[in-house]
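For reference, the structure is listed below as structure tokens.
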Amino acid sequence: MSFQTSVELLKFHWVAYTIYALLIISVIAWFGYNLTRENAKSVVRIPFYGYIAFLVAGGVGHHIFTYNAIPWVSEDIMRHDLKIDQTVNISIEKHKWQLPKLPIQIKANTKVLFNVESKDLVYGFGIFRQDGSLVTQMQVDPARKNDLVWTFRECGTFDITSTEYSGPEQYSHDGKKDLMLVKNAIVITGCKGGNK
């Protein structure tokens, strides 16, 4: 099994963690039930510890399984061997983005290096889908190299904004509008199946 987007991964995690949480709750319920019984028997140790071992193995196994299935993990670990297809240079100063020509055009399934520089404060660089869900993000520190390698596996139009609180200047006076939000900043094209 391989996950192409964070949305697919989150759906899988939601199911897996729900089952895992119910199994853990069952241990607590079983223990609580035994406490309320008038003639409570001592906990049978081998089945109890076997069940706990099963839960630990399941939890660790789940993370090992998803580590191998998440495509962007290997990009982070093997980054020194990657061939970058496109570089996007961005800088931020006084709560304003200095961006290349908008919208930033990117072909699907190409490795993009976002090189983001802060000239004054700590900001964040976040890429969001039109429904507001996060695609990826990183912290942007001043006087440091801040870059992110990402392969877009879904086509569409994406927004960017700062994902770090960098002071009240990021928002309108009533606090309802994110002044650093750039709508339709990135357009991904070239997906299989005719998606844009």
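Please treat every number below as a calculation from the coordinates, not as lab data. All figures in this text were calculated on a predicted structure; none of them were measured in a lab. No Cβ is skipped: glycine too gets one built from the backbone with ideal geometry, and neighbour counts run over all protein chains shown.
Odds and ends about this structure:
- With both labels modelled 7 Å from their Cα along Cα-to-Cβ, the Val56 to Lys183 distance reads 5.3 nm.
- Within the range 96-196: Cβ-based charge dipole about Cα centre, in debye rounded to nearest 20 (Lys, Arg +1; Asp, Glu -1): 520 debye
- Gap separating the Cα centres of the range 52-115 and the range 130-178, nearest whole Å: 14 Å
- Alpha carbon convex hull of the range 83-189, volume per residue in cubic angstrom: 89 Å³
- The chymotrypsin sites (Phe, Trp or Tyr not before Pro) of the range 142-196 that meet both conditions, a loop assignment by DSSP and at most 16 other Cβ atoms within 10 Å of the site Cβ, are Tyr165.
- Volume in Å³ per residue [convex hull over Cα atoms, computed for the chain]: 191 Å³
- For the chain, a simple Cβ point-charge model (Lys and Arg +1, Asp and Glu -1, everything else neutral) yields a dipole of about 380 debye relative to the Cα centre.
- Checking the cross-link pairs Lys119/Lys183; Lys83/Lys192; Lys94/Lys192; Lys111/Lys176 against a 31 Å limit on the alpha carbon distance flags Lys94/Lys192; Lys111/Lys176 as lying beyond it.
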